[in-house]
Structures are given as structure tokens and as C-alpha cells.
Amino acid sequence: MKTTAQFLKMKEQGEKIVMITAYDYPAAKFSEAAGVDMILVGDSLGMVVLGYESTMRVTVEDMIHHSKAVRRGAPDTFIVVDMPFGSYHGDINETLKTAVKMMQETNANALKVEGADEIVPVIKKLTNAGIPVVAHLGLLPQSAGVLGGYKVQGKTAEQAEKLIKDALLVEQAGACAVVLECIPHQLTEAVSQKLTIPTIGIGAGVKADGQVLVFHDLLQYGKHHIPKFVEAFARVGDEVEKGITSYTNAVKSGAFPTLQQSFTMKETELIELYGGVK
Ligand SMILES: Nc1nc(=O)c2c([nH]1)NC[C@@H]1CN(c3ccc(C(=O)N[C@@H](CCC(=O)O)C(=O)O)cc3)CN21
Ligand SMILES: CC(C)C(=O)C(=O)O
Ligand SMILES: [Mg+2]
């Protein structure tokens, strides 16, 4: 398993960091086998796995439940778990308690929190308690209601300046990496140059030190809205649809199962059972 020190070194040497989200055992297993550097158990699971229209309804227990499955599937991969909406904005000691519980129950390697400003003390508190923290700037899905939707951030000089300041603040607070979501590629380049810790981009252009995409987006698995910054690296959803339709038709028509997929009793046993009369 890679460490935060190795991620720093990868940045120094210009080696890209690959991150993918995963929410269950098979996805984690596939991701580890493919050699990704980091897995994010994102609260996006609320949308792509649980069918909510936003990440707002995801709970700490949801995150723990899915993260445990991911850890079982990827025992040797660095796992980051999102702290969900509302779980790190109250009393700081309560936040630490929640964070400790998430780390202990999931055996994750780091937690991720969205924002700067009032989140900087959270990053400090968790880091001082020995919990590696990944920061998240730019488009903050947990604040979509306040931002007015899933919109690109940092497009004006003023916003860009604020984001650069925030990035330096979260680094100073002790963050081990920072996710940059939906910002102009030029801003990503500036932030990545200014920071020592790695930047992981999503919809942030090629200049980030690493990239992250949602599992269900890059594999086109599901019927959800796919953001513009996604490339389809496979079309798993089409295969799933074909497979389930074929299965349905085969059962209805009696084509499945055949003798090959059935278990057979020996003739001698049948004779004993029916006394020679069938
Ligand atoms: N499936 C999925 N993929 C994600 O990347 C993702 C989630 N869900 N849920 C949590 C957040 C929300 N994210 C999103 C969701 C939608 C857009 C989106 O539709 N953006 C517009 C651009 C809007 C603009 O031009 O300002 C787009 O068309 O891509 C962006 C990020 C990223 N995260
Ligand atoms: C979009 C990524 C960075 C995320 O936070 C998630 O998947 O929840
Ligand atoms: Mg998230």
C-alpha cells in the first residue's frame, strides 16, 4: 500500500496519481487489481448507488457500511472516505469522535472533508489526532444548495485568488492532499504549482497531480446524469441491460435452464424411488 509520503514523492517526480471511487467489494477488488493508487469511498454513493438526487441524505453509517466492503475488496490500497454532509460542522470534539469512529470501523487511511474557512480547524484537529485528511475545494457537492447547483467554480480572478488562498490554508492546516473539483485548468495548474501536497482533479484539467472519477461514470454503469468532464472508458451499463434482458427472455421462453444447468438423479435411484414405474 502506498503512503502519504509516497504520494508527495510521486508529485515531486511528476508521476500521476490515479484515484477512483468505489462503494462495494467487487469494485474495490477490480480497482486494486488494476493498480489504482487510491480509492475514494465518496458520498457520491448516495446518488449512484442509493438513488438519492444529491449527497445530502448520506449518513455516517452509510459511509461506514460501504467503506468496510471496500476495505475487504482492497486490503492493500490507500482508502479515503468522505465525511458526509453535516457530520463535521458542529462541535469540534463531536467531529473528532465521528472521525475516530469512521477510521476505526472502516480501517481507512484518510478522511475527506469539503471546504476551507470554517473547515480549516477541522483539518487541524483531525491531523493532530493522527488522522490523515484530504481537503476538497472548488465545486463542493455538499454545498450545492448554497452554490446554486453543480457549477464550475473559480472562473473569475477574484474567485481564483480565494481558491489559491484556501488551498494554501488547507495545506498549512495539515491536509495530505486536496481534491480540486470543477475549476478551470489554468487555476488547477497554479494551485498545483503553489502546493507541496498533491492535487487530485475532477473536472479540473490535466495539470492536477492526479485524477479522480466516479466508478459509475467512467464505466457508464447506471442511468444517472453524466457530467461533461467524464470520459467513458467502458460501457458497462449497456452490457448489464443486454444481460438482464437475455436472462428474462430465456426464462420466459423456457430456454433457461437446460439440462446442462440442472442436477440429475441416477437411473438406479429413480427405479428405487418409483419402484420401477415412472
Ligand atoms: N455520478 C456522479 N459523478 C460525479 O462526479 C459526482 C457525483 N455523481 N455526485 C457528487 C458530485 C457532484 N458532481 C457533479 C455533478 C454534476 C456536474 C455537472 O453536471 N456539471 C455541469 C457543468 C455546469 C457548469 O457548466 O457550470 C456539466 O455539464 O458537466 C458536476 C459535478 C461531482 N460528483
Ligand atoms: C467527486 C468526488 C471527488 C467525491 O467527493 C465523491 O465521489 O463523493
Ligand atoms: Mg464526495
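Between residue 146 and residue 97, the FRET efficiency estimated from the beta carbon spacing at R0 = 35 angstrom works out to 0.85. In terms of packing, defined here as the mean over residues of other Cβ atoms within 10 angstrom, the peptides 22-31, 157-166, 46-55 line up highest first as 22-31, 46-55, 157-166. For residue 78, the residues whose modelled amide H falls within less than 5 Å of its own, excluding neighbours fewer than 5 places apart on the same chain, are 2, 39. The calculated FRET efficiency for the pair residue 206 and residue 226, based on their C-beta separation and a Förster distance of 22 Å, comes to about 0.70. Straight-line cross-link reach from residue 266 at under 22 Å between alpha-carbon atoms covers these lysines, not counting any fewer than eight positions away in the same chain: 278.
Entry note, the chain: the mean residue ellipticity at 222 nm calculated from DSSP H runs of n ≥ 4, each adding -39500 (n - 2.57), is -13000 deg cm²/dmol after division by the residues and rounding to the nearest 500. Our summary gives the chain a relative contact order of 15 percent, counting only alpha carbon pairs under 8 angstrom and 6 or more residues apart. For residue 177, the residues whose amide H sits under 5 Å from its own are 135, ignoring neighbours fewer than 5 places away on the same chain, with H placed 1.01 Å from N. Full extension of the chain segment joining residue 52 with residue 196 gains 48.2 nm, where the gain is 0.36 nm per residue of separation less the Cα-Cα distance. In a fully extended conformation the segment linking residue 249 and residue 273 would gain 5.2 nm over its present Cα-Cα distance, using 0.36 nm per residue.
Could you work out how far the C-alpha centroid of the range 25-43 sits from that of the range 197-238, in angstrom? First find each Cα centre; the distance between them is then 14 Å.
Pairs exceeding a 26 Å alpha-carbon distance, out of 29/155; 11/165; 151/207; 97/151; 11/162: 29/155; 97/151.
Rule-based calculations on the coordinates, nothing more; no lab input. All figures in this text were calculated on a predicted structure; none of them were measured in a lab. Note that we place each Cβ from the backbone using ideal geometry, even for glycine, and neighbour counts take in every protein chain shown.
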